[in-house]
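Visitor: Sharing a structure, written as structure tokens. Questions coming.
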Amino acid sequence: MSDRAPSLDLGVLVSGRGSNLQAILDAIADGSLDATVRLVISNKPGAQALERAEKAGVATRTLPHRGFESREAFDAALVEALREAGVEWVVLAGFMRLLTPTFLGAFGGRILNIHPSLLPAFPGAHAHRDALDYGVKVTGCTVHLVDEGVDTGPIVAQRAIAVRDDDDEQRLAARLLHEEHALLVEVLRWIAADRLTVEPGSDGRRPRGITRPV
């Protein structure tokens, strides 16, 4: 790791175990990702992800969404906490809440999500089940920028794996998780190196993330 200040200040939003958060923390610790996690926020008290962050010496906050009168009020509290911590980019790492324009307007174009399917196939909360029900032979994971839709933002990168005949939701999810970890960290490296841009959509096409070569 160089002596210069890290080039990427991250805020991570979590709701559960935090394995993708752990992948980020591990990459920072071993010097392969030039970044600092400034704050981890969970909407669920007691989430394992908070323990992971605290063990790494990262600041944490718990903001239970049920304590706010509206989604917008909850998002405004998220924005305030992240800005106070000096966050530049936000990573949704198993954060099970849809974001409102209040949040998108504050960090628009700087919010990443990792989704366990090859978008635009199988968006939403049950991607593994939907892929198996459909009978696909290949699935994967997608890192995308977040917009106002459900998993509709510009796609940055994807990785694919074969679906095995004996896969169920648990086995498929476990195998894919390794690819999610690697892909998310890889994309964050691109951002830290200022290699990521977004190409606007044209002729009915969606915007997409473009990575410049080294």
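Visitor: Would you calculate, for the chain, the mean residue ellipticity at 222 nm contributed by helices, counting each DSSP H stretch of 4 or more residues as -39,500 (n - 2.57) and dividing by all residues, to the nearest 500? The partial results should precede the final answer.
Guide: Values: 6 runs with 72 residues, N = 214.
One gets -10500 deg cm²/dmol as the mean residue ellipticity at 222 nm.
Visitor: If I take R0 = 45 Å and measure r between the Cβ atoms of Asp30 and Ala125 in this structure, what FRET efficiency does the formula 1/(1 + (r/R0)^6) give, to the nearest 0.05?
Guide: Working: r = 32 Å, r/R0 = 0.71.
Efficiency for this residue pair is about 0.90.
Visitor: For region 10-89, run through the GluC sites (Glu not before Pro) and keep only the ones in DSSP coil with at most 12 other Cβ atoms within 10 Å of their Cβ. Kindly include the intermediate steps, with their values, before the conclusion.
Guide: Working: sites: Glu51, Glu54, Glu69, Glu72, Glu80, Glu84, Glu88; in loops: Glu69, Glu88.
Here the GluC sites (Glu not before Pro) that fit, given the DSSP loop and packing criteria, are Glu69.
Visitor: Let me ask something else about it. What's the extension gain from Ala81 to Ile161 if we count 0.36 nm per residue and subtract their Cα-Cα distance?
Guide: Details: separation 80, 0.36 × 80 = 28.80 nm, distance 3.72 nm.
So the chain would gain 25.1 nm between Ala81 and Ile161.
Visitor: Right, here's the next one. I want to check the label-to-label distance for Arg17 and Glu148. Put each point 7 Å from Cα in the C-beta direction and report it in nm to one decimal.
Guide: 3.5
Visitor: Amide H neighbours of Leu39 under 5 Å, counting only residues 5+ apart in sequence or on other chains, H built in-plane at 1.01 Å?
Guide: So Leu39 has HN proximity to Val12.
Visitor: For region 191-199, in order, what is each residue's ³J(HN,Hα) by Karplus, 6.51 cos²θ - 1.76 cosθ + 1.60 with θ = phi - 60°, in whole Hz (x at glycine and Pro)?
Guide: Rounded to whole hertz, the list is 5, 4, 8, 6, 9, 9, 10, 10, 8.
Visitor: Determine the dipole magnitude for the chain: charges of +1 sit on the beta-carbon of Lys and Arg, -1 on that of Asp and Glu, nothing else is charged, the reference point is the Cα centre, and the result goes in debye to the nearest 20. It would help to have the intermediate numbers written out before the result.
Guide: Numbers: 24 positive and 29 negative charges, 17 e Å.
The dipole magnitude comes to about 80 debye.
Visitor: Give me the percent relative contact order of the chain, please, defined on Cα pairs under 8 angstrom at least 6 residues apart.
Guide: Numbers: 400 pairs, mean separation 38.9, N = 214.
18 percent.
Readers should treat all values here as calculations from the given coordinates under stated rules, not as data from a laboratory. Remember, predicted model here, so these are calculated numbers, not experimental data. All Cβ positions, even for glycine, are placed from backbone atoms using ideal geometry, and neighbour counts span all protein chains on display.
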